[in-house]
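Participant: Got a structure here, written out as structure tokens. Questions coming.
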Amino acid sequence: MNTIVFDLEWNQGDGNTSGDNKDIPFEIIEIGAVKLDDKYNIVSKFSRLVKPRVYKKMHHITGKLIHMQMRDLENGDPFEAVFMDFWDWCGENPIFCTFGSQDLTELQRNVRFFGLKPLSDKPFPYYDVQKLYALYKKEGKNRRSLEYIVEDFEITKDIPFHRAFADAYYTAAVFQKLLLKDSNLLNYVSYDVFNPPFSKKDELNVSFDTYDKFISIVYPDRRALLETRSVVTVRCRECNKNVRKKIKWFPVNSRQLFAVGYCEKHGFIKSKIRLVKYDGEKVFAIKTTKYISEEEKDRINTKKEHALEMRKKHKQSK
């Protein structure tokens, strides 16, 4: 199995809805990648330009960032040809590695738009190097830029940033450094949900060192999802049993809900549901569960009271 560290550059419309295509808001114009062997050494490289077909004018921010004009892409190949060559180059059952999660989403969106076979029909694992760095540094949700991390790790900057191959190369160098510092980071796999589960057997239940993650099937609407027992139960990670809720589910906004359960043996358990829209009103859930202190339980209760007060004021203002 090969580890494929890849990066994309893409172009977009100018914000004029008549000229933008909602099915492909970002059109890929370059794919760059490196292949790592089982010891995470670079063994092969990939770099190709894509001739655009949707957005024929370079967005001013894109052009400034990547130092490329539309004429530079004239010698590129159609996306279908570039992607098929890239996929063949990846080899059998590749594990992807990216900086952040957006590249994988946009790759699949372009694959779908141009009528190619999808990478997967359900969630699949990959490594998010930006997230792994935050975990290593214990920075929580904070996310650093690639150039910041390269400088922090004193990696030689021998090619310019903001081109697909260069950023893939630097991402691979950061990945290598991280694994040398803490190989346990390989346990922190991310899951791409561009194609969410549609059958119960494909629902994802995975345990990490400090939390559990559950990705549900797609439901017709929010109400149906929140009436499903497997979605709204709070389970103890150790006992693997449902526990009584000390703080019942409450929304903090239209996409996130929190609840807190209590296990007599293992204490307070925070559960968070993130609602993800899919194709109109359809929705699926990404639920995370972790143990928390009583102090954090109290902070969540304060958050609940604040959320209830804000909803009350919103209703009164109507």
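Read the figures in this text as sums done on the coordinates, not as results from a lab. The structure presented is a predicted model; accordingly, all values stated were derived computationally and were not measured. Cβ coordinates were reconstructed from backbone atoms using ideal geometry, including for glycine residues, and neighbour counts include every protein chain displayed.
Participant: Can you tell me the orientation of helix 164-181 relative to the chain, as the angle in degrees between its alpha-carbon axis and the longest Cα principal axis, to the nearest 10?
Facilitator: 50
Participant: Helix 102-113 versus the longest principal axis of the chain: what angle, 0 to 90°, nearest 10, using Cα atoms?
Facilitator: 70
Participant: Determine Rg/Rh for the stretch 114-204; Rg is computed over alpha-carbon atoms and Rh is the Kirkwood hydrodynamic estimate from the same atoms.
Facilitator: 1.05
Participant: May I pose another question? Considering all alpha-carbon pairs of the stretch 258-311, what whole percent are spaced by more than 14 angstrom?
Facilitator: Above the 14 Å cut-off, the stretch 258-311 has 61 percent of its Cα pairs.
Participant: Given the convex hull over the Cα atoms of the stretch 3-187, what projected area results after averaging over all orientations, in nm²?
Facilitator: Working: hull surface 44.6 nm².
Average projection, Cα convex hull of the stretch 3-187: 11.2 nm².
Participant: Moving on to the next point. So what is the calculated 222 nm ellipticity per residue for the chain, using -39500 (n - 2.57) for each DSSP H run with n of 4 or more, over all residues, to the nearest 500 deg cm²/dmol?
Facilitator: Computed ellipticity for the chain at 222 nm equals -9500 deg cm²/dmol.
Participant: Turning to a different aspect of this structure: Using the 4.7 Å Cβ rule, please list in number order the cysteines from the chain without any candidate partner.
Facilitator: So, CYS90, CYS97.
Participant: Which order, highest average first, do 47-57, 243-253, 23-33 follow once you tally other Cβ atoms within 10 Å for each residue and take the mean per peptide?
Facilitator: 23-33, 47-57, 243-253
Participant: Treating only the Cβ atoms of Lys and Arg (+1) and Asp and Glu (-1) as charged, compute the dipole magnitude of the stretch 199-317 about its Cα centre; round to the nearest 20 debye.
Facilitator: The calculated dipole for the stretch 199-317 is roughly 340 debye.
Participant: Rounded to the nearest 10 degrees, what's the angle between the helix 294-317 long axis and the longest principal axis of the chain, both from Cα atoms, 0 to 90?
Facilitator: 90
Participant: Right, next: Tell me, what are the semi-axes, in whole angstrom and largest first, of the equivalent ellipsoid of the chain as set by the roots of 5 times the Cα gyration tensor eigenvalues?
Facilitator: Value: 38, 25, 19 Å, ordered largest first.
Participant: Going by how many other Cβ atoms sit within 10 Å of their own, how do ARG163, ARG255 line up, fewest first?
Facilitator: Starting with the residue having the fewest Cβ neighbours, the order is ARG255, ARG163.
Participant: If you don't mind, another one. Dipole magnitude of the chain about its Cα centre, charges +1 at Lys/Arg Cβ and -1 at Asp/Glu Cβ only, in debye to the nearest 20?
Facilitator: So the magnitude is around 2160 debye.
Participant: Could you give the dipole magnitude of the stretch 4-139 about its Cα centre, charging the beta-carbon of Lys and Arg +1 and that of Asp and Glu -1, in debye to the nearest 20? Each step should come with its number before you reach the end.
Facilitator: Working: 18 positive and 21 negative charges, 50 e Å.
Magnitude of the dipole: close to 240 debye.
Participant: Let me ask something additional. Only Cα pairs within less than 10 Å get springs; with that Gaussian network setup on the chain, which residue of PHE114, PHE96, PHE214 has the largest fluctuation?
Facilitator: Comparing PHE114, PHE96, PHE214 in the GNM, the peak value goes to PHE114.
Participant: Can you give me the C-alpha center-to-center distance between the stretch 71-86 and the stretch 112-169, rounded to a whole angstrom?
Facilitator: 22
Participant: If you take the charge dipole of the chain about its Cα centre, with +1 on Lys and Arg Cβ and -1 on Asp and Glu Cβ, which of PRO220, GLN108, GLN130 is farthest toward its positive end?
Facilitator: In the chain, that residue is PRO220.
Participant: Another one. Tell me which of CYS239, SER190, VAL82 sits at the most positive position along the dipole axis of the chain, charges placed on C-beta atoms (Lys, Arg +1; Asp, Glu -1).
Facilitator: CYS239
Participant: Same structure again: Please work out the C-alpha center-to-center distance from the stretch 185-221 to the stretch 252-318 and express it in whole Å.
Facilitator: Computed from Cα coordinates, the inter-centre distance equals 19 Å.
Participant: Among ILE24, PRO94, LEU8, whose Cα lies farthest out toward the positive end of the dipole of the stretch 3-187, if unit charges sit on the beta carbon of Lys, Arg (+1) and Asp, Glu (-1)?
Facilitator: ILE24
Participant: Considering all projection directions equally, how large on average is the shadow of the alpha-carbon convex hull of the stretch 169-318, in square nanometres?
Facilitator: With the hull built on Cα positions only, its mean projection is 12.3 nm².
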